[in-house]
Amino acid sequence: MANELEKENAAAAALDYIEDGMTIGLGTGSTAKYFVELLAEEIAEGLVVRGIPTSLQTQRLAEELGVPLVDVEQVDRIHVTVDGADEVDESAQLIKGGGAALLREKIIANASDLMVVIADSSKHVEALGQFPLPVEVTPFGYTITAKKTYDALCQAGILRPMIKVRTGANDQPIVTDGGNFILDCQCGVIPDPPKAAALLANVPGIVEHGLFINKCRVVIIGAPDGATIFEY
Ligand code: 5RP
């Protein structure tokens with residue numbers, strides 16, 4: 001329960017980055033859910049903003065709560081994206097994709113003037129890699145892509161990465177909103193995240209990976225009695 005309070009407090013602190021008239025990228029996951037709920041309360045009290053959801057799950061939540069949405073193809077500026085993370089290090093490098101939404105999350109974060117990450121304290125780490133790195137791959141040739149992913153991670157200095165296709169009901173691979181599969185790559189420690197990101201970006205079959213480098217400028221870590229804000 002402590003983590004839930006931390007998540008909610010982090011989400012509440014992110015409201016300080018929201019102003020009337022903004023277009024807001026809405027992240028995915030349990031922490032982002034708190035943000036969407038709090039945003040909906042502000043909208044009910046008169047805040048005028050519109051959201052771009054990063055997953056069907058967040059889209060449904062926003063619709064239920066009456067958060068106005070805009071079609072991503074119709075938007076010319078995204079002022080801020082508020083999203084969760086699976087891990088965030090001291091340089092604001094992230095692992096994302098635990099909720100399988102990393103592709104849309106990265107497209108929207110990359111197009112935003114500002115990315116704000118909200119997380120409970122368990123996500124704040126010295127080095128990335130304890131959380132298995134999600135990598136989104138095309139279903140076609142995914143076993144070949146998994147081998148090439150292994151090679152890329154080894155080249156990035158990761159010792160014996162362990163790669164598993166993420167499965168759901170009936171042990172079948174889960175399918176992302178974009179129709180792809182997810183490889184979960186247990187790395188232990190990722191010694192050089194930018195190098196790993198660059199190597200993964202070169203593997204055919206990888207649609208996107210969950211390393212977010214140089215994208216996030218504000219990290220809000222929740223605490224039981226508030227939140228700490230790091231600006232980069
Ligand atoms: C979804 C994500 C989420 O932001 C990440 O998994 C954190 O989720 P939660 O807030 O539930 O811990 O990247 O793809």
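The values are calculated or read from the model by the stated rules, or taken from the named source; none is laboratory data. Predicted model, so just to flag it, every value in this text is computed and none were measured. We place every Cβ from the backbone using ideal geometry, glycine too, and count neighbours over all the protein chains shown.
Scan the range 47-97 for residues that are β-branched (Val, Ile, Thr) and touching a Gly at 6+ places or on another chain (Cβ under 9 Å) and jot them down.
Val48, Val49, Ile52, Thr54, Thr58, Val67, Val70, Ile78, Val80, Thr81, Val82, Ile95
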Original post:
Could you say whether any residue in the range 102-110 is modelled with pLDDT under 95 and among the charged types (D, E, K, R)?
Top reply: no
Original post:
Val88 is checked against (1) surrounded by 24 or more Cβ atoms within 10 Å (Cβ to Cβ); (2) out of contact with any His (no Cβ under 7 Å at 6 or more places or on another chain); (3) under 27 Å from Pro224 (Cα atoms) and fails just one. What number does that condition carry?
Top reply: (2)
Original post:
Within the range 62-120, which residues are of a type in the set (Gly, Ala, Ser), more than 11 Å from the ligand (Cβ to nearest atom) and either in a loop (DSSP other than H, G, I, E, B) or closer than 18 Å to Asp16 by Cβ (or both)?
Top reply: Gly66, Ser91, Ala92, Ala111, Ser112
Original post:
Got at least one residue in the range 161-174 being in contact with a Ser or Thr (Cβ under 7 Å, 6 or more places away or on another chain), within 16 Å of the ligand (Cβ to nearest atom) and either touching a residue at least 60 places away in the same chain (Cβ under 8 Å) or under 30 Å from Glu6 (Cβ atoms) (or both)?
Top reply: yes
Subject >> Residues that are closer than 17 Å to Ile78 by Cα, within 14 Å of the chain's Cα centre (by Cα) and among the small types (Gly, Ala, Ser), drawn from the range 1-31 >> reply: Gly25, Gly27
Subject >> Which numbered condition Pro194 misses (of (1) surrounded by 15 or more Cβ atoms within 10 Å (Cβ to Cβ); (2) under 30 Å from Tyr17 (Cα atoms)) >> reply: (1)
Original post:
Can you name the number of the only condition in (1) crowded, with 20+ Cβ neighbours inside 10 Å; (2) in contact with a helix residue (DSSP H, G or I) (Cβ under 7 Å, 6 or more places away or on another chain); (3) of a type in the set (Val, Ile, Thr); (4) farther than 16 Å from Leu128 by Cβ that Ile182 fails?
Top reply: (2)
Subject >> Which numbered condition Ile52 misses (of (1) crowded, with 22+ Cβ neighbours inside 10 Å; (2) under 28 Å from Thr138 (Cα atoms); (3) within 11 Å of the ligand (Cβ to nearest atom)) >> reply: (3)
